[in-house]
Amino acid sequence: MAETNFAEFTEKSANDRTFMYVLYGLHTVAWASMGTLAVIAVILNYIKRMDEADAVYASHHNYMISTFWWTVLWLIVTAPLWLLLVFPGAIAYGIVGLWYLYRCLRGLFRFSEGKPPF
């Protein structure tokens, strides 16, 4: 894998920052659309990540993408709990949802400080 040349990075514009905030916003309110907004946001993350030259922005795209896929995995793993009774499934999905919200807000706050998500 090639080393990243950080000297090549260009300054990001206000539009780039706004777009990243929009992506975090879509991920954060995805529960209101039953995940549809998260799917749209992750597709946009993949598209923007391909052309990203800034390491901080690229790390935030990777962070949002991995958060999305880990959430999907945990929703699939905990889905059988709905067969037991409604209560265990609801608790499991609630925990996964809170974890997703935590990751979105943590990434958003770290981005607003100009830091990588981790």
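Screening the range 13-103 for helices (runs of 4 or more DSSP H) wholly inside it with 1 or more residues that are within 12 Å of the chain's Cα centre (by Cα) and under 22 Å from residue 118 (Cα atoms) returns the ranges 14-28, 36-50, 55-78. Considering only residues that are assigned to a helix (DSSP H, G or I), farther than 15 Å from residue 35 by Cα and touching a Ser or Thr at 6+ places or on another chain (Cβ under 9 Å), which ones fall in the range 104-118? Once the filter is applied, which keeps residues that are assigned to a helix (DSSP H, G or I), farther than 15 Å from residue 35 by Cα and touching a Ser or Thr at 6+ places or on another chain (Cβ under 9 Å), the range 104-118 yields 105, 107, 108.
Residue pairs whose Cβ atoms lie under 6 Å apart, separated by 6 or more positions or on different chains, with the first residue in the range 38-55 and farther than 13 Å from residue 26 by Cβ and the second assigned to a helix (DSSP H, G or I), are 49/61; 52/58. Residues in the range 72-118 that are within 20 Å of residue 58 (Cα to Cα) and among the polar types (S, T, N, Q): 112 alone.
For (1) hydrophobic (A, V, I, L, M, F, W, C); (2) at pLDDT 95 or above; (3) touching a helix residue (DSSP H, G or I) at 6+ places or on another chain (Cβ under 8 Å), each residue gets a yes or a no:
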site: 7; (1), (2), (3): yes, no, no
site: 23; (1), (2), (3): yes, yes, yes
site: 32; (1), (2), (3): yes, no, no
site: 38; (1), (2), (3): yes, yes, yes
site: 41; (1), (2), (3): yes, yes, yes
site: 46; (1), (2), (3): no, yes, yes
site: 62; (1), (2), (3): no, yes, yes
site: 70; (1), (2), (3): yes, yes, no
site: 85; (1), (2), (3): yes, no, no
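Tell me, which residue of the range 29-84 that is aromatic (Phe, Trp, Tyr) and surrounded by fewer than 16 Cβ atoms within 10 Å (Cβ to Cβ) is farthest from residue 98 (Cα to Cα)? Applying the filter and picking the extreme gives 46.
The values are calculated or read from the model by the stated rules, or taken from the named source; none is laboratory data. Remember, predicted model here, so these are calculated numbers, not experimental data. Here Cβ is always computed from backbone atoms with ideal geometry, including for glycine, and neighbour counts include all displayed protein chains.
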